[in-house]
Amino acid sequence: AQSLHDIINFDVRGTLMTAKRSTLRVFKGSQLDRQFDDAVWLQQHTNTLSVKEWSHEQVADWAKRHDGISDEVADLFDKNQVNGLELFALGREDLKEMGISRLGMLALVIKAIKDLQTKNQNRPIFIDHDPYCFGKILDQLRL
């Protein structure tokens with residue numbers, strides 16, 4: 001069973017690339033093998049929760065810190081115990097039913113949730129390397 005942590009997204013100076021972690025570890029003892037070793041990888045990525053894993057408290061904190069979302073909306077998320085997975089599932093009617101009735105605020109909340117979804121989809125690892133050369137390295141590893 002492959003986990004989402006086994007697929008790595010890279011931002012190589014603006015060029016997005018994707019590879020399996022196992023592919024990056026083909027050459028044992030290499031820099032890539034050490035960087036994506038199970039123990040090192042898990043230690044570096046254990047504390048980075050996906051938004052979908054947020055508790056309702058974390059959702060409320062995000063809303064309170066977000067410019068444009070009122071504290072009243074953050075309190076509604078907390079009161080209704082909306083967790084991260086539920087936050088991404090909320091639609092316009094759901095937000096209205098929760099008590100967000102003002103059209104402007106509703107639009108801001110919907111935009112903030114969409115922006116958060118986009119930002120959370122791919123959290124690429126930045127590689128400060130020439131995209132062409134790094135692409136060639138990945139191609140060779142895949143052979």
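Just one of (1) modelled with pLDDT of 85 or more; (2) open to solvent by 90 Å² or more (accessible area, probe 1.4 Å) fails for Q2. It is (1). Of the numbered criteria (1) surrounded by 12 or more Cβ atoms within 10 Å (Cβ to Cβ); (2) at pLDDT 80 or above; (3) of a type in the set (A, V, I, L, M, F, W, C), the one L103 fails is (1). Could you check, for the range 72-83, whether at least one of its residues is modelled with pLDDT under 95 and open to solvent by less than 40 Å² (accessible area, probe 1.4 Å)? No, the range 72-83 contains no residue that is modelled with pLDDT under 95 and open to solvent by less than 40 Å² (accessible area, probe 1.4 Å).
Name every residue in the range 24-57 that is surrounded by 16 or more Cβ atoms within 10 Å (Cβ to Cβ) and either more than 18 Å from the chain's Cα centre (by Cα) or modelled with pLDDT of 80 or more (or both), in order of residue number. Working first, answer last.
First, pick out the residues of the range 24-57 that are surrounded by 16 or more Cβ atoms within 10 Å (Cβ to Cβ): 24-25, 32, 36, 41, 51, 54, 56.
If the condition is that a residue be surrounded by 16 or more Cβ atoms within 10 Å (Cβ to Cβ) and either more than 18 Å from the chain's Cα centre (by Cα) or modelled with pLDDT of 80 or more (or both), then L24, R25, L32, F36, V51, W54, H56 are the ones that fit.
Of the residues making up the range 117-138, not a single one is farther than 29 Å from G14 by Cβ, open to solvent by less than 60 Å² (accessible area, probe 1.4 Å) and part of a helix (DSSP H, G or I).
Return yes or no: is D94 within 17 Å of R65 (Cα to Cα), open to solvent by 50 Å² or more (accessible area, probe 1.4 Å) and free of Cβ contacts under 8 Å to residues at least 24 places away in the same chain? So D94 fails the test.
The values are calculated or read from the model by the stated rules, or taken from the named source; none is laboratory data. These figures come from a predicted structure and were not determined experimentally. Reconstructed Cβ throughout: ideal geometry from the backbone, glycine too, with neighbour counts over all protein chains shown. The protein model used for the area step is the full one, side chains on, heavy atoms only, and it has no ligands, DNA or RNA in it. Shrake-Rupley method; radii C 1.70, N 1.55, O 1.52, S 1.80 Å.
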